[in-house]
Amino acid sequence: MAFLQTLGIETSCDDTSVAVVSDKGHVFAVTSAHQDLAHQPFGGIVPEIASRNHTLQLLPLLDQCLNRAQLNWTDIDSIAVTNRPGLLGSLLVGVMTAKSLSLAKGLPFIGVHHLEGHLMAPFLRDESHQPPEGFDYPFLALTVSGGHTQLCWVTGVGQYEILGRTRDDAAGEALDKFAKSLGLGFPGGPALDRMAQNGNPQAYSFPRSHFDQTGFDFSFSGLKAAGIRMLEKMSRDEIDLRLADLCASYQEAVVDCLIEKFERAVEAKNARNVVITGGVSANSRLRTRATDWCARHNLCLAVPPLRYCTDNAAMIAYAGNLRLNRGETSDQSLGPLARSPL
Ligand code: KG4
Ligand code: ZN
């Protein structure tokens, strides 16, 4: 039996999201609640606040999602839920909800790896978006978010060769910490991107980690520390005066590190299809440089729209659907895992 319509649930970090997606990747509806304001006073995600908000928001979002999709439970034939990796308390809310719904509605369900969701996001489609013409496996994917920075060669569902990952901080973490020190709030990546538009990327020199000349691993902790040290030596007035230049120069260092490894990995794999996904893929500088380079090399570049790049349940529903249609399911012994390699 083919599974045609899968309900997805994502609660691995601080975004609560529900979606219904078809076996062709068509997104009927996705409803999400973000918690940035709740965590902003703390300058980072507070796990207890995140899981508490998931418990408040998940079931109302589920109702809204089915309403928006104009579907009811009889149209849903399966459930997918992120069960790894992530914040344990946050994952628990999604996993317990999916297990309960599975029992109550008599539907099969499956636990999904969060990063597999990000990797399947380029196949999602809706009324206003389609994947680029001809985009298919195999593809090289750069996943960059607040928690992950990873280069992966994808030849099919479940066939992932991790070429490189960050040895310390994620690119988003390096951007957010610097933005926080500049007083741009949390998460400051988008504000830093906006400020950088009016700045000179060569105004300040920040270190690029070149420790890995032949491999594809990243490192952002040295850059992060250098950025914060530089700000400590500057007065508030000087920082305010040079804000745009600081943002542009720091952003350029992050993007240089990402693009260098990305281009080298594309060449090593002789990739024709490439993907950039995760929240940091919203960065305008990263997008421009990747788009230009891919156009020059005649590559098919898929950067999913932001609603499918940041954490969302549509990518989880689709990844789950693909696995369910290969005959895989989970059972009531499924639990959340804080850490789990892809
Ligand atoms: O994928 P995501 O929503 O959540 C996870 O971390 O899993 O990614 C959030 C990250 C944050 O670090 C945020 O600052 C960053 O994506 N981000 C950006 C931009 N928009 C979001 N970073 C740089 N430029 C942006 N325009
Ligand atoms: Zn994510």
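Values in this text are rule-based calculations from the coordinates and carry no lab data. As the structure is a computational prediction, the values presented were derived from the model and not from experiment. Virtual Cβ from ideal backbone geometry, glycine too; neighbours counted across all protein chains shown.
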**Asked** Looking only at GluC sites (Glu not before Pro) in DSSP loops with at most 10 other Cβ atoms within 10 Å, what is the longest site-free stretch of the chain?
**Response** 134-342
**Prompt:** Helix-derived [θ] at 222 nm for the chain: sum -39500 (n - 2.57) over DSSP H runs of at least 4, divide by residue count, nearest 500?
**Reply:** -13500 deg cm²/dmol
**Request:** Calculate one ³J(HN,Hα) per residue across region 137-142 by plugging θ = phi - 60° into the Karplus curve 6.51 cos²θ - 1.76 cosθ + 1.60, and present them in order as whole Hz with x for glycine and proline.
**Result:** 5, x, 9, 9, 10, 9
**Asked** Stretch Thr74-Asn198 to full length: gain in nm at 0.36 nm per residue minus the Cα-Cα span?
**Response** 39.4 nm
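Express the Stokes-Einstein translational diffusion coefficient of region 100-237 in µm² s⁻¹, to the nearest whole number, given a Kirkwood radius over alpha-carbon pairs, 4 °C and a viscosity of 1.567 mPa s. Spell out each step's value before the answer.
Numbers: Rh = 18.2 Å.
After rounding, the answer is 71 µm²/s.
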**Complete:** Computed from every Cα-Cα pair in region 156-200, P(r) in 5 Å bins starting at 0 and rounded to whole percents is 5, 20, 19, 16, 11, 11, 9, 7, 2
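Assuming R0 = 30 Å, can you tell me the calculated FRET efficiency for the pair Thr155 and Thr291, based on Cβ-Cβ distance, to the nearest 0.05?
Result of the calculation: an efficiency of 0.80.
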**Asked** Gap in Å between the Cα centre of region 143-205 and the Cα centre of region 236-263?
**Response** 11 Å
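Over all alpha-carbon pairs in region 44-85, figure out the percentage whose distance exceeds 11 Å. Don't skip to the end; give the middle numbers.
Values: 636 of 861 pairs.
Counting pairs separated by more than 11 Å, the tail of P(r) holds 74 percent.
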**Nonlocal amide H pairs with Ala302, under 5 Å, H built at 1.01 Å** = Val274, Val275, Ile276
**Asked** Taking a quarter of the surface of the Cα convex hull of the chain, what do you get in nm²?
**Response** 16.9 nm²
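Once the Cβ-Cβ distance between Glu133 and His34 is put in as r, and R0 is 30 Å, what FRET efficiency do you end up with, to the nearest 0.05?
Details: r = 32 Å, r/R0 = 1.06.
Computed FRET efficiency for Glu133 and His34 comes out at 0.40.
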**Fill in**
For Gly25, the net charge from surrounding residues (Cβ-Cβ under 10 Å; K, R +1; D, E -1) works out to 0
**Asked** In sequence order, what are the phi-derived ³J(HN,Hα) couplings for region 183-194 according to the Karplus relation 6.51 cos²θ - 1.76 cosθ + 1.60 with θ = phi - 60°, rounded to whole Hz, with x for glycine and proline?
**Response** x, 8, x, 9, x, x, x, x, 5, 4, 4, 5
**Item:** Vicinal HN-Hα couplings computed from phi for region 65-72 (Karplus, 6.51 cos²θ - 1.76 cosθ + 1.60; Hz; Gly/Pro x)
**Value:** 5, 5, 4, 5, 6, 6, 10, 10
**Item:** GNM top mover of Gly25, Gly44, Gly327 - the chain, alpha-carbon springs below 10 Å
**Value:** Gly327
**Asked** Using bins 5 angstrom wide from zero, how does P(r) for region 1-132 break down, in % of all Cα pairs?
**Response** 2, 11, 20, 23, 21, 13, 7, 2, 0, 0
**Of Lys24/Lys224; Lys24/Lys105; Lys99/Lys261; Lys180/Lys261; Lys24/Lys99; Lys24/Lys269, pairs whose Cα-Cα distance is over 32 Å** = Lys24/Lys224; Lys99/Lys261
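How much net charge surrounds Met234 when only the other residues with a Cβ under 14 Å from the Cβ of Met234 are counted, with Lys and Arg +1 and Asp and Glu -1? If you can, show how the numbers build up before the last one.
Numbers: positive: Arg229, Lys233, Arg236, Arg242; negative: Glu232, Asp237, Glu238, Asp240, Asp245.
After counting each charged neighbour, the total is -1.
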**Item:** Loop chymotrypsin sites (Phe, Trp or Tyr not before Pro), region 195-264 (other Cβ atoms within 10 Å of the site Cβ: 16 or fewer; DSSP)
**Value:** Phe211
**Message:** Please compute the modelled spin-label separation between Asn67 and Ser221, points set 7 Å along Cα→Cβ, answer in nm with one decimal.
**Reply:** 4.7 nm
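Please give me the summed charge of the neighbours of Phe3: other residues whose Cβ is under 9 Å from its Cβ, Lys and Arg +1, Asp and Glu -1. Let's see the in-between values first.
Working: positive: none; negative: Asp23, Asp77.
Charge balance in the 9 Å sphere: -2.
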**Request:** Would you calculate the separation in nanometres between label points at Arg236 and Arg208, each defined as 7 Å from the Cα along the Cα-to-beta-carbon direction?
**Result:** 3.5 nm
